[in-house]
Amino acid sequence: MAKSLCNSPTPLFALILPMLLLNYPLSSNSFSIGVNYGGLADNLPPPAQVAAFLKDRTFIDRVKLFDSNPDMIRAFAGTGIALIITAANSDIPSLSSLPGATSWVANNISPFYPATNISLIAVGNEILATADRNLIAHLVPALRSLSAALSAAGFHQIRVSTPHSLGILSASEPPSSGRFRRGYDRVIFAPMLDFHRKSKTPFVVNPYPYFGYSSRTLNYALFKPNPGFFDPVTRINYTNMFDAQMDAVFSAMSRLGYGDVQIAVGESGWPSAGDPGQVGINVEDAASYNGQLIQHVTSGKGTPLMPNRTFETYVFSLFNEDLKPGPTAERNFGLFRPDFSPVYDVGVLSGGSQGGGPTPAPTVASKWCVAAGGASEAALQSNIDYACSSAGVDCRPIQAGGPCFDPNTAEAHANYAMNAYYQFAGRHVFNCDFGQTGVIVTKDPSYGNCKYDA
């Protein structure tokens, strides 16, 4: 839960404060979430089937490709699904000149647009992480040239950006210390952010709490109740690692004077299987992270330093990819198996519903979430703090004078708060986990004038 801001802001916080006061657009009622569609597998269905599945059976309305494969681009024609296509890293030097960019657009965009709703071109992927000086030097010129080539072709709606790993930061903890790597901050990122500001395009980052967690910070990474991490500069207590990572990027941008540039999430996800002995790598934790991520980025809550923002977000990834190299986890980031069956439920299947967002898990009877017997008072208070700090959860009934204030005990208040969160978040099993201190019941816990949502 965000604490009060300090009275004597540091120079960085003085830069950030005006950004907090901007009237950022609130989320609309429409639900929008994207997914990364990779092809490092030998068992995936044809692209046309994938496009039809996403259009007809899910709420996913954005897809990010890691290349410009014409078969994949063509498959999404007529679906309305917004597509990010990626120019290869090796294309960057030629894209840095207008003739090269014009040729690329003619070969990779003109044959498909507007039948396929290409919304953004990603220029390479995590270029700074390659340490290739030639690619890095040509990256910003490539963004500019490609944008100019698109405009010349009349494709004014197609945006241009490039995704970054969080390795672009030299400092990120606490979030207020966020800064870009020295040598790249003024030479690369200042002109890049200037391009994004002028072209009204997003700065794309790939925040992965999965790559930053330890057994001690697992709940913090998974959006589960935890004590949080305190930033002494902003006096904000961060209760999830995703917000901390995003605000570290925001702080780095603000340090250069570009805190007004929008940020998009190019990749974020959690694997459902890993090597023996890996803590936190299982179906339940993958469902918890991705389910909460989707809820969070589409809620309009934003982050402590970027309140009231939604973030264009692409979950990693659509399918498990059996040919990916590396540890077992690398092959198990998918939301779906190759036969389109879900690895776990994060509420993106439409099931024929006419609603405008993720549907709750199907139930045969009303269910409620309450505190499990034996939970400590400290754990219950942590659950209350976590639930009541979540956007959309109304805890006024357990405040003094409210119909559920009495009995004034941690258990009674936790029961109400945990259930309010469970009902709002989608009524999935993982919404009632609370560090294994929650339990789902079928008997209505309402009493007197205190009515529990169902």
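Selection over region 227-247 of residues that are surrounded by fewer than 21 Cβ atoms within 10 Å (Cβ to Cβ) and of a type in the set (S, T, N, Q) gives a count of 1. Of all the residues in region 367-407, those that are out of contact with any helix residue (DSSP H, G or I) (no Cβ under 7 Å at 6 or more places or on another chain), closer than 23 Å to residue 295 by Cβ, assigned to a loop (DSSP other than H, G, I, E, B) and open to solvent by 40 Å² or more (accessible area, probe 1.4 Å) number 1. Check 426, 435 and return the single one that is closer than 12 Å to residue 371 by Cα, in contact (Cβ under 8 Å) with a residue 12 or more places away in the chain and open to solvent by less than 40 Å² (accessible area, probe 1.4 Å). Result: 435 is the single residue among 426, 435 that is closer than 12 Å to residue 371 by Cα, in contact (Cβ under 8 Å) with a residue 12 or more places away in the chain and open to solvent by less than 40 Å² (accessible area, probe 1.4 Å).
Here the condition is being in a strand (DSSP E or B) and either in contact (Cβ under 8 Å) with a residue 24 or more places away in the chain or open to solvent by less than 10 Å² (accessible area, probe 1.4 Å) (or both); of 265, 279, it holds for 265 alone.
Per-residue answers, yes or no, for (1) over 20 Å from residue 156 (Cα atoms); (2) among the hydroxyl-bearing types (Ser, Thr, Tyr):
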| site | (1), (2) |
| --- | --- |
| 62 | no, no |
| 68 | no, yes |
| 73 | no, no |
| 81 | no, no |
| 92 | yes, no |
| 107 | no, no |
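Among the residues of region 290-317, those that are part of a loop (DSSP other than H, G, I, E, B) and open to solvent by 30 Å² or more (accessible area, probe 1.4 Å) comprise 299, 301, 304, 308, 310, 312.
Please verify whether residue 415 is more than 28 Å from the chain's Cα centre (by Cα) and part of a helix (DSSP H, G or I), treating the condition exactly as stated. Against the criterion (more than 28 Å from the chain's Cα centre (by Cα) and part of a helix (DSSP H, G or I)), residue 415 qualifies. Checking each residue in region 304-328 for being among the small types (Gly, Ala, Ser) and either more than 15 Å from residue 271 (Cα to Cα) or over 19 Å from the mean Cα position of the chain (by Cα) (or both) picks out only 326.
Within region 248-258, is there a residue that is of a type in the set (A, V, I, L, M, F, W, C), open to solvent by 20 Å² or more (accessible area, probe 1.4 Å) and at pLDDT 95 or above? There is at least one residue in region 248-258 that is of a type in the set (A, V, I, L, M, F, W, C), open to solvent by 20 Å² or more (accessible area, probe 1.4 Å) and at pLDDT 95 or above. Assess whether residue 442 counts as being more than 22 Å from residue 301 (Cα to Cα), open to solvent by less than 30 Å² (accessible area, probe 1.4 Å), of a type in the set (Ser, Thr, Tyr) and touching a residue at least 12 places away in the same chain (Cβ under 8 Å). Spelling it out, it is not the case that residue 442 is more than 22 Å from residue 301 (Cα to Cα), open to solvent by less than 30 Å² (accessible area, probe 1.4 Å), of a type in the set (Ser, Thr, Tyr) and touching a residue at least 12 places away in the same chain (Cβ under 8 Å). Taking region 133-219 and the strands (runs of 3 or more DSSP E) fully enclosed by it, the elements with 1 or more residues that are open to solvent by 40 Å² or more (accessible area, probe 1.4 Å) are at 159-161, 169-171.
The values are calculated or read from the model by the stated rules, or taken from the named source; none is laboratory data. Source: prediction; values computed, not measured. Ideal geometry is used to build each Cβ from the backbone, glycine not excepted, and the neighbour counts take in all protein chains shown. Note: accessible area is taken over every heavy atom of the protein model, side chains too, but ligands, DNA and RNA are not part of it. Shrake-Rupley method; radii C 1.70, N 1.55, O 1.52, S 1.80 Å.
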